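The values are calculated or read from the model by the stated rules, or taken from the named source; none is laboratory data. If you're wondering where the values come from, they're calculated on a predicted model, not measured in any experiment. Reconstructed Cβ throughout: ideal geometry from the backbone, glycine too, with neighbour counts over all protein chains shown.
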Amino acid sequence: MNVPAVSGNPILHRELLDRLRSWKTAAAILAVAVVSSGLVMLRWPTDATVDIVSQGTQLVFRPLACALTLAVMMLVPAFPATSLVAERRRGTLALLLNSPLSAWQIYCGKLLSNVLLSLVLISVSLPALGACLAMGGITMQQHVGPLLLVLIALAVQYSAVGLWISIRSSTADASLRWTYVAIMALAVLSVGPLVLTGTLSGIKATLAQILTAVSPISALQQITASQASVAELGLHTGWMEFLIASCLVTAILAILTIRKLDPILLDRPRPAGKIVSGPPSLARRMAYLVDPERRKSGIAWWLNPILVKEFRTRKFGRLHWLIRLVSICAIVSLMLTVVAATGTVSWGVERIAGPLVLMQIGLLLLVGPSLGANLIAAEVESGGWQLLRVSPISTIRVLSGKLMSVVWTLLLVLLATLPGYLVMSYIQPSLAGQISNVVVSLLFAVALVVSISATVSAFCRSTAVATATSYGILLTLFAGTLLIWMARGKPFGPIFVERVLMFNPAALALSEMGAPGFQNYDLTPGGWWVSGVLALVCLLVLSIRTWLLTRPD
């Protein structure tokens, strides 16, 4: 990286100062500091002794490392994901590209501003990491130092991912949505092929093992000295391999993004439509099953017009996109069926049930907030809500139509993952009752995702803010409660952990399937009541807020 691209870079100065002056940055820094310090204080030993060989320090260091990694995944990608697309929508990106600044300087300014702010977020956790060092049992060379390198690599990589998606997106909320999807794919789904291949040998197993290097999971397990928890999956990569893979991914994305920073390439002329006669349209429909350009029929009297409007105007609601979604879900279901068929026989139910449930929850968290956060906020931002206010459609019909458009899509995604459970119940018929309880828990997860994201959307005037807030709340609910589960025994007792896990539908499903670490918790049907009450409260708040938004000014 050359010096002129960094020193005296006006983009770097402007972006960094704007971020540092924002109250959201101060809130993020305060949250990271409070959480990291709180984790250490909760697990701090009561006696003033230094632990040299025991694993007591790991009980503090392991949840802290996971919490910091989760904070980087949640907070770092938000700004770069909306940076370039916001510049283009304001019309300032064309001015930047025609200024004396080169594309390399513009990219470096955007990237380094977010990386420097990420370093500030990471630095507030240094006192907590220093306290772990003072407890003994970990060293700077083998634990704290590699963890800091992994966090910095994550910040750089996720910033590059956000900028790469931002330059290719047309709206801020779409860029934010796809950025979190890409991050989830890099962090979690990259381990999926290894689960399919298992411990087999060959070129496929080798490629699956290489693919896991882009995920921080194995790096964290090596740093926190808990390799045994993932050794059964066949993970053999460590933090050095992750750093190398992260540098390669960052370099490739940087080259692709810089090449896209061209005024000519950014011009996107809208394709001119053309009228076709009947025979070509019929031939196209026979070849592609549906014709996206065909004029839609009128809305039947018995259908909710808001529901039809959502499906016809939303990208994933159109028929040809629904067919693509069904096809992708069918492929996922076949993969899960293979995993269930081979894993249930050779690995056992307990080992295969955990990845199945986590993959289902991951799909719901990827698709749900991006759809639910746009229900009200997108209408307010675009001005369409004013038209809904003067329409004769009642508030209940507006709200039910918008909610059901998201519910049907999520149910379609959920149905794609059910064949794996059918195979498990066929191999082991005694699991029929447990599998039915897991399906009920997943349905409550759908209700929570839809109700929370829609409620957040009703209180936001920007789809980007609504999407980021929805992801933050849902990740806190689903992943934050698992951090408390990781700290079970000290200081959290079993009763407190069980009550906290009742708020997490994923924990309910894992408990029903007897996943490792969840066998001793009786979470159902109490957890169903908690999830149902939370969903009803969110729907009540959403109804009141929607009714207030429809009232005259």
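Values computed for the structure shown
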| read-out | value |
| --- | --- |
| Residue ranges of helices (runs of 4 or more DSSP H) in the range 443-553 with at least 1 members at pLDDT below 80 and in contact with a Lys or Arg (Cβ under 8 Å, 6 or more places away or on another chain) | 481-486, 494-501 |
| Which listed residue, of Val500, Val541, is among the hydrophobic types (A, V, I, L, M, F, W, C) and either surrounded by 18 or more Cβ atoms within 10 Å (Cβ to Cβ) or within 23 Å of Val188 (Cβ to Cβ) (or both) | Val500 |
| Number of positions in the range 370-387 that are assigned to a helix (DSSP H, G or I), in contact with a helix residue (DSSP H, G or I) (Cβ under 6 Å, 6 or more places away or on another chain) and within 17 Å of Leu548 (Cβ to Cβ) | 3 |
| Which numbered condition Ser123 fails, given (1) of a type in the set (Ser, Thr, Tyr); (2) within 20 Å of Lys24 (Cβ to Cβ); (3) in contact with a Ser or Thr (Cβ under 7 Å, 6 or more places away or on another chain) | (3) |
| Search result, residues across the range 94-142 that are part of a helix (DSSP H, G or I), surrounded by 21 or more Cβ atoms within 10 Å (Cβ to Cβ) and either of a type in the set (Gly, Ala, Ser) or in contact with a Lys or Arg (Cβ under 6 Å, 6 or more places away or on another chain) (or both) | Gly109, Ser113, Leu117, Ser118, Ala128 |
| Residue in the range 38-54 that is over 30 Å from Gly136 (Cβ atoms) and either within 22 Å of the chain's Cα centre (by Cα) or modelled with pLDDT under 70 (or both) present | no |
| Qualifying residue in the range 195-209 (condition: over 16 Å from Gly362 (Cβ atoms), modelled with pLDDT of 65 or more, within 17 Å of the chain's Cα centre (by Cα) and of a type in the set (Ser, Thr, Tyr)) | no |
| Hey, Ala447 under 17 Å from Gly368 (Cβ atoms), crowded, with 22+ Cβ neighbours inside 10 Å and not aromatic (Phe, Trp, Tyr) or not | no |
| Some residue of the range 98-105 being over 16 Å from Arg19 (Cα atoms) and aromatic (Phe, Trp, Tyr) | yes |
| Selected residue (only one of Phe61, Phe79 is surrounded by 24 or more Cβ atoms within 10 Å (Cβ to Cβ), of a type outside the set (Val, Ile, Thr), at pLDDT 75 or above and over 30 Å from Arg14 (Cα atoms)) | Phe61 |
| Residue within the range 100-113 that is over 22 Å from Ser169 (Cα atoms) and not small (Gly, Ala, Ser) present | yes |
| Matching residues, the range 84-93, being surrounded by fewer than 23 Cβ atoms within 10 Å (Cβ to Cβ) and either in contact (Cβ under 8 Å) with a residue 40 or more places away in the chain or of a type in the set (D, E, K, R) (or both) | Ala86, Glu87, Arg88, Arg89, Arg90, Leu93 |
